[in-house]
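Below you'll find the structure, written out as structure tokens, and then a few comments.
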Amino acid sequence: MGAGASAAVPGNSNDAESVMVPTLVSSGKMMAGQSYYIEPSKCINLDLQVEVSRIDAAVVALPRGGVLVNYGKGTVQFGLPPETIKDSLSWGLSVPTTFVILGEEMFDRQLGINIAEFEFPAYFNFFVFGKRVTLITTKNVEDRVRRIFQETLLGPKPGSYDLSEDFASDLPGGMLSKSNQATHWPDFTLEGLALDKQRETITVDALLNFANIDEPPHTSSSMHAWSGEKQNPNTVAGGASAPDGDKNNEDDPLSTASELDDVDNGASRMMPTGASTHVHGTEMDDSIARLADVGKVILDKERNTYVKYNAMLKKYTVREGKRTIAQVDYRFLKPRIKPRRAIQHEPFDIPLFGVTMLGASHGFDPKGTTTGFVVWVNRRGIMVDPPPDSAQVLRDLAIPARLIDGMILTHCHADHDAGAFQKILAESSIKIYTTQTIMDSFIRKYSAISNLDANFLRGLFVFERVKIGETKTIHNGEWNFHYSLHVIPTIGFEVKFKGEGLVYSGDTCTSPKLFERMRREKKIGAGRYEDLVKRSPVARHRHPHRDVDGSMTPGYAPHILHEAGVPPIHTPLETLARLPKETRERLFVVHVDQKQLSDGKFARKLKTIPQWATMHISVGQPEVDETTSSLEPLLSTVSFFRVLRSPGAIEALLDLSLIKFYSRGTVLLTAGDTWDRAYIVRAGVAHEGQISLGGRHSASKFPGSHPFRTNSNSDEPDKRVETSGAEDRADSLSGSSSGVGLVSDQGESLMDAIEGVPSALPDSEEQPLQANNPKPLPSVNEDARLESLRVSYMGSMHKPTRYYVGDMFGEESLMVEDQGHDNFGGGDSQRSQAVRTVQHDIVALTDLYTLELPRESMLPYLQSTELGRTILENLNTVARARCMETWNTIRLNATLERTMTRVQQQEFQKLLTAPRKLGRHEVLFPGGIKQEYVYLVSSGVVNFFCRDRSAEVDSAGPDDQANQENVDFVAGALLGDVNCLKDNTIAHHVLTSKSSSVVYEIARIDMLNFLNRFPGVKLQCIDRKYVV
């Protein structure tokens, strides 16, 4: 950090009433007498301003992934990714009042986010403009939306929670009543009414209007018998049915013979149970396509403007009479985390005690990120209410995500829980700290969003229940929680560490007058009143005083993070500005945009911690060696070194390590070099593989791969949306913005990876190829066809790799062979040498800071201790897997490659047995028995056949293989019924090698343990019979 740097916060002036921010010194230590300093983010902001993409006059693509379609009298938006209203507000567009929830999927398993986030569009329209929002969706989704809004708008139903589970037993409790006025328990219903009288009459239907597109009773990847009842497909967006005279014109090519009540002399059409169909791209049998065209919602009766849904093609059409305004193919319309190019070019200084702000604003601020932060205690992190882009922010700030092993969930509003599952699914299983009431509400909400069983969701993390009035020890800090005053159950907390403290208010309304009125009106008991007044975040300051026995009690002045916002459900800035100066000196306002704080009447009195900045709190202990203190947590995040528990062992390892810096564009290693050291990234990005120097990448164009089409009646070529993706962090080495890759239909940055290839093959030559197949195949015999496919896929195995903070590469340099036998499998000692050969250039994509472990000094040290030999054995396990080329095989699986981190891929490699060779037509798994293994295809072609033809065959991948009971797979496919594996029940599919093939086996218990350790991978695999 530079000398004289200071935090850019409002109020840093010479006025006597202003709150000064301490100046930083060059060493990064605090000035004498200072209790904290704020370290601004060292990010070099390479932001490429991503604007809305106007496809034509009628269609606008939003940066976060939604699509606006203008239809004359209004606008309809397709897709609701988190914070979607900020896209409209940022670019001066009106926030729509009509939204389409795409299909029945409301949860993106890969990103871990709600992709039907209707909460804030509904709040904005209702509370700001008094308007209702219309959701165009299915009846099934409507029921789920109502369950979600019960938790977020109205709060948990009385009787669905037991506050005795939330409070310490020694606190006077019980529900508030005439005979129990001393209780500390809140009555959430009464408190909500005291804050907002609208809650007496407010209902879900006051904010939301549902326009259901009639659809089969439930939608899945297989076809089921449709109801024989006639359905009226002409539902008007306002909720009523259109009169008979408003039915489609018989001349309309999209509506004749495509309505359920318009065909076969009024007879209902039915799809036979178990019918199987193959869908690739947009080509399919026309009769099946019409069968799936099940309804429409009228937007404007005068102009005959409507939205029509094709369930089979997963496509929406907006039409005005005979004219098509737009088509939206939501298979390729992916949500995107807010694009950003902020790269940390210096290592992150992990506080011993402090806070890093991931976001400091609220849900309606178009320029700011919703409030969320990391509390650092003993150089380990607990994330609080992670924003939806928190994973990216951590990477941008060079913060190893594995240092953050827990999360506090304060409440279930979307601006506080939107990024929760992203953190849950990001790495290893984490701990979530909250009360039982809030946790149950969170599970009910996300069970409705994800359509997954509540017990399954609970199994994705470790729930650490907190109780009000009980101290919980986390990372050697003492944590105490409290219920704040909000419209739904909400907690705040205080953490003490080495004599210092940090208090977070949580969403609340801090108002002594309001507290007194609620006590007088018997809305709260005496104990609850005491908690709100005497133990409020702004009342924690305590002066030194002498006790009755003559001893001195030291003073206590915690640092305070206090929310602010629009009353009555938030604390007005005026209230905080009137606090005593000694309180405001340690108070930092969050949940508020910078524009409000820059107002003259507040700028002199209030301050915040800027977004991405870090506050270091002095804990009054002697400074330790800064290098050791910053590198020890980094080293502990590398999976190979987690067995090193003692500080002495870690320090000894660090003494043998080198700290290096490489300027942007430096080539660290070239292909053919020998690995002589391992590298751990401290900050910046390293790139392995081919790289473009400033050239503009363009997406491959394949039939049916466009997210949406416009003006389909014209002969103009299709236009596609190309915006920057969340994973595309870096730019070309030249620094030109033109070097940044565009985003493919699957949402991947083309700078990040060579165009991927699918692991599932078409079942016959007549079927159209999947959208991202390398090229069409000629009509040849079966053997030649399979070999052509195998060569095509294997030829594209290597994909460029990027290494971010905490990633380790070059671990091959530390691999050794056991004496007396070949440790690398296959009996070829040359392969062990080959694995230590650099295969691709390694380049510093940005300024790069590394911690390096030289082979010549590390090997003798590791071989001299028992723990060191354990580390080497783990490295050798990965070495054996590398020699078997499993690394690239795993990366051929599009789903696993996107989902797994490098650490997870390493752990997965350890599970693989020696390769098993199969002859042509050899049965790998006969079906009708329990599974002992799942299989990863390394080469050749393996056929999947479902013995139970009525069974549902699900898949995960770029193109869902709906209803396919007979599918060929090539390298990268992971085969096995995960549900049967988990339940230890009989599986009904058959696996047969169609050519000479090689597979890796993974034992059942090993696979289950792996999935339980890594919930993000588990979520991708559950309910699947194959993952591609």
Problem set entry | Conditions (1) under 22 Å from the mean Cα position of the chain (by Cα); (2) at pLDDT below 95; (3) surrounded by fewer than 23 Cβ atoms within 10 Å (Cβ to Cβ): number failed by Leu111 | (3)
For this session: Having 2 or more residues that are under 30 Å from Val566 (Cβ atoms) and either modelled with pLDDT of 95 or more or acidic (Asp, Glu) (or both) is the bar; report the strands (runs of 3 or more DSSP E) wholly within region 443-499 that clear it.
Result: 477-483, 491-497
Problem set entry | Long-range neighbours under 7 Å by Cβ, at least six apart or interchain, first residue in the same structural domain as Phe210 (by TED's automatic domain parsing) and surrounded by fewer than 20 Cβ atoms within 10 Å (Cβ to Cβ) within region 124-139, second among the β-branched types (Val, Ile, Thr) and part of a helix (DSSP H, G or I) | Phe124/Ile85
For this session: Select, from Arg444, Arg535, Arg542, the only residue that is touching a residue at least 12 places away in the same chain (Cβ under 8 Å) and either surrounded by 22 or more Cβ atoms within 10 Å (Cβ to Cβ) or in contact with a helix residue (DSSP H, G or I) (Cβ under 9 Å, 6 or more places away or on another chain) (or both).
Result: Arg444
Exercise. What's the number of the condition Cys412 fails, among (1) closer than 16 Å to Val495 by Cα; (2) part of a loop (DSSP other than H, G, I, E, B)?
Worked result: (1)
For this session: Answer yes or no as to whether Val1027 is of a type in the set (A, V, I, L, M), touching a helix residue (DSSP H, G or I) at 6+ places or on another chain (Cβ under 6 Å), surrounded by 23 or more Cβ atoms within 10 Å (Cβ to Cβ) and modelled with pLDDT under 95.
Result: yes
Exercise. Using beta carbons and a limit of 6 Å, which pairs, at least six apart or on different chains, have the first residue in region 835-852 and in the same structural domain as Val685 (by TED's automatic domain parsing) and within 16 Å of Val667 (Cβ to Cβ) and the second one assigned to a strand (DSSP E or B) and of a type in the set (Asp, Glu)?
Worked result: His840/Glu688; Ile842/Glu688
Exercise. Of the residues in region 877-901, how many are touching a residue at least 60 places away in the same chain (Cβ under 8 Å), of a type outside the set (Lys, Arg) and surrounded by 19 or more Cβ atoms within 10 Å (Cβ to Cβ)?
Worked result: 14
Problem set entry | Failed condition for Ser428, given (1) in contact (Cβ under 8 Å) with a residue 60 or more places away in the chain; (2) in a helix (DSSP H, G or I) | (2)
Problem set entry | Residue within region 106-115 that is assigned to a helix (DSSP H, G or I) and outside the structural domain of Thr901 (by TED's automatic domain parsing) present | no
Problem set entry | Candidates Leu918, Leu859, Leu853, Leu848 - the one that is at pLDDT 90 or above and surrounded by fewer than 19 Cβ atoms within 10 Å (Cβ to Cβ) | Leu859
Exercise. Looking at region 143-154, is at least one residue in contact with a strand residue (DSSP E or B) (Cβ under 6 Å, 6 or more places away or on another chain), in a helix (DSSP H, G or I), assigned by TED's automatic domain parsing to the domain that holds Ala311 and not β-branched (Val, Ile, Thr)?
Worked result: no
Exercise. Of the residues that make up region 297-312, is at least one under 27 Å from the mean Cα position of the chain (by Cα), at pLDDT 90 or above and not assigned by TED's automatic domain parsing to the domain that holds Asp396?
Worked result: no
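One line per residue, one yes/no per condition, for (1) at pLDDT 90 or above; (2) touching a Phe, Trp or Tyr at 6+ places or on another chain (Cβ under 8 Å):
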position	(1), (2)
Glu320	yes, yes
Glu346	no, yes
Val355	yes, yes
Gly363	yes, yes
Trp376	yes, yes
Asp389	no, no
Seminar exercise, completed: The correct count of residues that are under 21 Å from the mean Cα position of the chain (by Cα) and not in a helix (DSSP H, G or I) in region 116-142 is 3
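The values are calculated or read from the model by the stated rules, or taken from the named source; none is laboratory data. The structure displayed is predicted, hence computed values, not measured ones. Using ideal geometry, Cβ is built from the backbone for each residue, glycine included, and neighbour counts are taken over all protein chains shown.
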